[in-house]
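The values are calculated or read from the model by the stated rules, or taken from the named source; none is laboratory data. Fair warning: this is a prediction, and the values are worked out from it, not measured in the lab. With ideal geometry, Cβ positions are generated from the backbone for all residues, glycine too; neighbour counts draw on all protein chains shown. Side chains are part of the model used for accessible areas, which takes the heavy atoms of the whole protein and leaves out ligands, DNA and RNA. Shrake-Rupley method; radii C 1.70, N 1.55, O 1.52, S 1.80 Å.
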Amino acid sequence: MSKLTRRKFITRTGAGVAALQATSAFRGASAPAGPARMFYAVLSLGRIGFSGTFEQSVELAHKYGFEGIDPDADLFARLSGADLKRLLDDLALKNLKFGAAGLPVEFRKDEATFSEGLKKLPDAAKALQRAGVGRVSTWVLPSSNDLTYLQNFRAHACRLRECARVLADHGQRLGLEYVAPRTFWRGERHPFVHTLSEMKELLLAIGTDNLGIQLDSWHWYNAEETAADLRTLRGSDVMTVDLNDAPRLPLDRQVDDRRELPASTGVIPVKEFLGALVEIGYDGPIQAEPFNAQLRSMPLEQAVASTAEAVRKAFGEAGLT
């Protein structure tokens, strides 16, 4: 997974007044000392290893106190104007915003695959725009067997520039995620972008003014970055944030698809990570993405409840409840 101008939803109807008065399960009744967080907790079923309908996501997010859900461009494209308005009004009533949409273009493979995806992007972007979704994100492979760093850099800059321009035409911004575990980028001949500083260079080369970072506490930790690195960003530079913890293993044994729920092991310094996001004024979506087999083995609702509890714990450890 948009810069959901969905905050405007809250003022669209009288129901929005009630939504403003609602208290999220992630936000305590009394304000914490120090600056308050502006980012909001999103339930992303796909990121916790489940599939489900948009309606299921809304129901579970509302039941367990989440503050947002993933957008669904295909659904938005099918809805009439009246039906879309009813959907948005219902989300406002439940005080739910959208997270970032995933970029529906496969830019990592051959030219034909990329071109086919790019042709479909305007329609997807238009559907997201109808729903007020302004944040789109994707991830970048950290290595290649075929392309050197410079060849890969040029290819990514060219293809992602084309995607970013289409999104800009529909009022959307694109966030790119670097992938940091050593076990991932050391597995092929040519390492590629896998740190925040390298991603900044790629964004500069792409060159459009609607770009930013998709942050992930897992990759931040594996890249051995600190809060000081995060403070080099402005809040507006961050499109979306994934929140995870890590197993108790050395960095050279961390595997990308074996993560833990936020604040479950204490390996990743969640207080430092979230505190920096508050400092820079980040105001977008944040969601758990644990890629965890134990979580996936649970019934859906139990997994959602466990995820909600983990995110609340992480916010609490950072003094953000």
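For the reader, a short list of remarks on this structure follows.
- In terms of the mean number of neighbouring beta-carbon atoms within 10 Å, the peptides 172-184, 254-266 order highest first as 172-184, 254-266.
- Reachable aspartates and glutamates, given that their alpha-carbon falls under 20 Å from the alpha-carbon of residue 313 and they are not under 8 places away in the same chain: 67, 216, 242, 245, 260, 272, 279, 283, 289, 301
- Each DSSP beta bridge with both residues in segment 133-276 is either parallel or antiparallel, and the antiparallel ones are about 20%.
- Longest to shortest principal axis, alpha-carbon extents of segment 250-302, angstrom: 36, 32, 16
- Sum of -39500 (n - 2.57) over DSSP H runs of 4+, divided by residues of the chain (222 nm, nearest 500): -12500 deg cm²/dmol
- The packing ranking of peptides 38-51, 213-226, highest mean first, is 213-226, 38-51, where packing means the average number of other beta carbon atoms within 10 angstrom of each residue.
- Per residue, segment 132-177 exposes an accessible area of 38 Å² to a 1.4 Å probe, with every protein chain left in place.
- Radius, Kirkwood style, for the chain when every pair of distinct Cα atoms is counted (Å): 20.0 Å
- Equivalent-ellipsoid semi-axes of segment 119-249, from the Cα gyration tensor, Å, largest first: 25, 19, 13
- Across all directions, the shadow cast by the convex hull of segment 147-194 built on its C-alpha atoms averages 3.5 square nanometres.
- The tail of the calculated P(r) for segment 181-225 beyond 12 Å holds 64 percent of all Cα-Cα pairs.
- Signed unit charges on C-beta, dipole axis of segment 265-320, positive-most listed residue 307, 295, 281: 295
- Rounded, prolate or oblate (a/c below 1.5 giving rounded, otherwise prolate when a/b exceeds b/c) for segment 183-291 by Cα gyration tensor: oblate
- At a probe radius of 1.4 angstrom, the accessible area of segment 180-263 per residue rounds to 42 square angstrom.
- Protein accessible area in the chain, 1.4 Å probe - carbon and sulfur %: 51 percent
- For the chain, a simple Cβ point-charge model (Lys and Arg +1, Asp and Glu -1, everything else neutral) yields a dipole of about 660 debye relative to the Cα centre.
- In segment 23-167, Cα pairs under 8 Å separated by at least six residues give a relative contact order of 21 percent.
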